[in-house]
Amino acid sequence: MREYHVSPVLTYQQPGLEEMKINPLKTNSNPRDIAVRILLFSTIWLILSGGDLSSWWIGIPAILFAVIVSIALIPPVSLVWFEVPAFIGFFLIRSLAGGTDVAWRALHPRMPIAPDLVVYPLHIPPGLPQVFMTNTVNLLPGTLIAELNPGFLKVHVLDKHQNAMIELQSVEQRVARLFGIPLQFDNKKP
Amino acid sequence: MDVIVVLEWAFDAVLGLGLLWLAWRTLNSPDLFKAIVLFISFGLLMALAWVRLNAPDIALAEAAIGAGLTGALLLAALARLRTTTDNTMPAQLPAGSWFQRGLLIVLLSGSAAGLGYAVWILPSHTSGLSMAVTANLDVSGARNPVTAVLLNFRGYDTMLEMIVLLLAVLGIWSLGGLPPRPERPAVAVLDTFSRFLIPVFILAAAYLLWVGADAPGGAFQAGSVLGAAGVLLLLSGWRPGVRLMQWPLRLALTIGAITFIILGVLTLLYEQQLLAYPVAQAGRMIILLESLATVSIAVTLAILFLGESPDPEEKK
Amino acid sequence: MIQALYFALALFLLLNLCAGLWRILRGPTTADRMLAAQLFGTTVVAMLLLLAQASGNPVLRDVALVFALLAAVTAVAFVQRAWPEEKESEHDLN
Amino acid sequence: MTLTDYATACLLILGGIFFLAGTVGLLRFPDVYTRLHALTKADNVGLGFIMAGLVLQAESWLAAGKLLLIWLLVLFASASVSYLIARRALNKGIRIWM
């Protein structure tokens, strides 16, 4: 049995990684980040409860609990807020194109697909930005990420004659702008 | 207007036939994985059927337990089965003699006919006990008739259900539990997914708990949503700390049943009837019971999924 | 009139879902079967939202919310636990 | 029918077409990866259109917000799950159809 100085509530077991422990009382988070989370969860509660005032006596404890858990689980996220609307617009337009593209290929009598697996070297830092990029790319036209590594992506493309690289690059740039981080082009190629 | 009636009929007909067909294929599929996927789909359609039968309470429970957690539990059970047995296919049962088969057919069709008859002789226009429930809704402490029945009029049913859940965990533990096994390492995408979703699960569970007082929802739905959050954490590689597996876990598992029993004894002493709450306090008591029951149900479901005994070294 | 459209679309989605059943039966890989179940999840969410609007019963949106949350847990359980390690036949070439 | 109703009708029908395409893709496409394409893209756009159509009819801002919340949850879940399935399929050595 292991002895801990502060009893952890949950431990994270991953071979190869240093074991992570969660203790909601010992976390580092800035007040601005906490305020954003409280605001976000209050909005979700407002939406769920349909604006019923009597719901808040159970809502406030729930929101506080959710905030504590989220501080323990999610490190502070810093987004460039004025980039958010542009990103949403970009995402909506491109995912509509993605849906149309795949719908056209599925419904076309000859089913024009030419799948291939390509490797895309990443220029954004590991962690949330890369995961966010993966999720975005998965909803965009013709591209499906089959492996995320810190340095590169393996991407399954639906049509190898289309240049997926340009699409991926533009997503990466958007994500970098959203998170306010520079792209690193001196990365070693896989 | 006629168009709508026709469409509703068509919808119900397709739904009913689809359910029957899925039930048939689920039962007779030799591939266990296929059967599980068919069962998950059956749960999805079943929830729709409850919606069409105007029973959103049960649709919500089916969505949370039937289509959600049961699927995950069955998939995990199948994985355990694969590691403990050599072949993935279930052993073929011996076919049985003609006499045995004939007897089976007679018995099964007899009970089917009996059930059919029982449904047939039901009076077609009756409100059942719904009039009695509506008449007493004011004193129940809940505005949703289903909650009033579950927590007040037939509170002992729910009390016994809590104990059944507890017995399920005790059953697994008394068999020594399953050997602890590490999860497949969670990749960054899954890790992020579960981290971001857990707070949403918490808010949704709290919402279902609150809304249960006057609309479909309540402890079982809230508990299973919260339990699903626990399952997601387990699947992403989190394990409860060693100290947490001792008395805090046991307290969380039993708190729902304990509160029910204490309230039952108190009401027996002061009101001369099991779980007959005083009218003035009924609302508060129901909320107390439901909140603690939510915690117990959530922890029970997550622990059932984990399946490990809290002290494996004791067994050796 | 719009009411009829809600029901017509719900019926259409239900038939769509029945067509998707073929993929569950056919496979060929376990992932294909699971995919079909995922499709069912999304379709049922859409149907519940339509029925919520058609019948004016906002409770059904809560059912859809619970489905949206829990369908993902089933899929994660599949990937993390139930997907066997052995080789499978990969494509259907037809 | 009002103008809003016509807009809703158009959006709903578009949504239905995308759902149809998703199912056709699931049935016609040759391997797991291509089927994942069909599912995640076409279906989420389909749900998005149906949601947009219903938002126009929603009784309040908060009801519309709940529809949006459900859609976002489905998007997040299907993007993550499709990655998990594709990654495991690749690691298991399921070759891509080409």
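Structure notes:
- Meets criteria (more than 18 Å from B:Ala55 (Cβ to Cβ) and part of a loop (DSSP other than H, G, I, E, B)) for B:Ala186: yes
- The single condition from (1) at the interface with chain D (Cβ under 7 Å from one of its Cβ atoms); (2) under 21 Å from A:Leu183 (Cα atoms) that A:Leu122 fails is (1).
- Members of region A:151-185 that are outside any strand (DSSP E or B), in contact with a helix residue (DSSP H, G or I) (Cβ under 9 Å, 6 or more places away or on another chain) and within 9 Å of another protein chain (Cβ to nearest Cβ): A:Leu158
- Applying the set (1) among the hydrophobic types (A, V, I, L, M, F, W, C); (2) more than 7 Å from chain D (Cβ to nearest Cβ); (3) buried (at least 17 other Cβ atoms within 10 Å of the Cβ) to A:Val77 leaves exactly one unmet item: (3).
- Selected residue (only one of B:Leu203, B:Leu226 is within 30 Å of A:Val36 (Cα to Cα) and within 9 Å of chain A (Cβ to nearest Cβ)): B:Leu203
- Of everything listed in (1) of a type in the set (Val, Ile, Thr); (2) without any contact (Cβ under 8 Å) to a residue 40 or more places away in the chain; (3) touching a His at 6+ places or on another chain (Cβ under 7 Å), the single unmet condition for A:Val102 is (2).
- Some residue of region A:113-133 being of a type outside the set (A, V, I, L, M) and on the phi > 0 side of the Ramachandran plot: yes
- Some residue of region B:288-302 being out of contact with any strand residue (DSSP E or B) (no Cβ under 6 Å at 6 or more places or on another chain), on the phi > 0 side of the Ramachandran plot, free of Cβ contacts under 8 Å to residues at least 60 places away in the same chain and surrounded by fewer than 22 Cβ atoms within 10 Å (Cβ to Cβ): no
- Against the list (1) part of a helix (DSSP H, G or I); (2) touching a strand residue (DSSP E or B) at 6+ places or on another chain (Cβ under 7 Å), the condition B:Arg239 fails is (1).
- Hits in region B:147-197 - residues which are closer than 21 Å to B:Ala280 by Cα, surrounded by fewer than 18 Cβ atoms within 10 Å (Cβ to Cβ) and of a type in the set (Ser, Thr, Tyr): B:Tyr156
Okay, residues lined up against (1) surrounded by fewer than 16 Cβ atoms within 10 Å (Cβ to Cβ); (2) in contact with a Lys or Arg (Cβ under 9 Å, 6 or more places away or on another chain); (3) closer than 29 Å to B:Leu233 by Cα; (4) among the β-branched types (Val, Ile, Thr):
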position	(1), (2), (3), (4)
A:Arg37	no, no, yes, no
A:Gly51	yes, no, no, no
A:Ser54	yes, no, no, no
A:Trp57	yes, no, yes, no
A:Ile60	yes, no, yes, yes
A:Ile68	no, no, yes, yes
A:Trp81	yes, no, no, no
A:Gly98	no, yes, no, no
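- For region B:3-48, a residue qualifies if it is more than 8 Å from every other protein chain (Cβ to nearest Cβ), outside any loop (DSSP other than H, G, I, E, B), of a type in the set (Gly, Ala, Ser) and over 19 Å from C:Ala8 (Cβ atoms), and the qualifying residues are B:Ala23, B:Ala35, B:Gly43.
- Single residue of region C:4-33 satisfying the filter (more than 7 Å from every other protein chain (Cβ to nearest Cβ) and over 15 Å from the mean Cα position of the chain (by Cα)) that is surrounded by the most Cβ atoms within 10 Å (Cβ to Cβ): C:Tyr6
- Within region B:206-225, residues that are touching a residue at least 12 places away in the same chain (Cβ under 8 Å) and outside the structural domain of B:Ala72 (by TED's automatic domain parsing) have Cβ atoms under 8 Å from residues that are crowded, with 24+ Cβ neighbours inside 10 Å and among the basic types (Lys, Arg) in no pair, counting only partners at least 6 apart in sequence or on another chain.
- Residue check for A:His108: more than 22 Å from D:Leu75 (Cα to Cα), surrounded by fewer than 22 Cβ atoms within 10 Å (Cβ to Cβ) and within 13 Å of chain D (Cβ to nearest Cβ): yes
- Of everything listed in (1) assigned to a helix (DSSP H, G or I); (2) surrounded by fewer than 23 Cβ atoms within 10 Å (Cβ to Cβ); (3) touching an Asp or Glu at 6+ places or on another chain (Cβ under 7 Å), the single unmet condition for D:Leu69 is (3).
- With respect to (1) in contact with a Ser or Thr (Cβ under 9 Å, 6 or more places away or on another chain); (2) modelled with pLDDT of 90 or more, the lone exception for C:Leu15 is condition (1).
Conditions (1) among the hydrophobic types (A, V, I, L, M, F, W, C); (2) away from chain A (no Cβ under 14 Å), marked per residue:
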residue: B:Arg239; (1), (2): no, no
residue: B:Trp247; (1), (2): yes, no
residue: B:Leu253; (1), (2): yes, yes
residue: B:Leu266; (1), (2): yes, yes
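- Only one of the numbered conditions (1) among the small types (Gly, Ala, Ser); (2) within 10 Å of chain C (Cβ to nearest Cβ); (3) within 30 Å of B:Leu150 (Cβ to Cβ); (4) without any contact (Cβ under 8 Å) to a residue 24 or more places away in the chain is not met by B:Gly68, and that is (4).
- Scanning region B:175-226 for residues that are farther than 30 Å from A:Pro126 by Cα and acidic (Asp, Glu) turns up just one, B:Asp214.
- From the list B:Ala252, B:Ala257, B:Ala276, B:Ala293, the one residue that fits, being in a loop (DSSP other than H, G, I, E, B) and aliphatic (A, V, I, L, M), is B:Ala276.
- Boolean, B:Asn144 is surrounded by 19 or more Cβ atoms within 10 Å (Cβ to Cβ) and touching a Pro at 6+ places or on another chain (Cβ under 9 Å): yes
- Applying the criterion of being aliphatic (A, V, I, L, M) and not in a strand (DSSP E or B) to the residues of region A:125-150, the residue that is farthest from the other protein chains (Cβ to nearest Cβ) is A:Met133.
- Within region A:126-162, the residues that satisfy the criterion of being among the β-branched types (Val, Ile, Thr) and under 10 Å from the mean Cα position of the chain (by Cα) are A:Val131, A:Thr134, A:Thr136.
- The condition (being under 13 Å from the mean Cα position of the chain (by Cα), touching a residue at least 40 places away in the same chain (Cβ under 8 Å), under 28 Å from C:Asp62 (Cβ atoms) and in a helix (DSSP H, G or I)) is satisfied by just one residue among D:Ala52, D:Ala42, D:Ala7: D:Ala52.
The values are calculated or read from the model by the stated rules, or taken from the named source; none is laboratory data. Model, not experiment: these values are computed from the prediction. Neighbour counts are summed over all protein chains in view; Cβ atoms, including those assigned to glycine, are modelled from backbone coordinates with ideal geometry.
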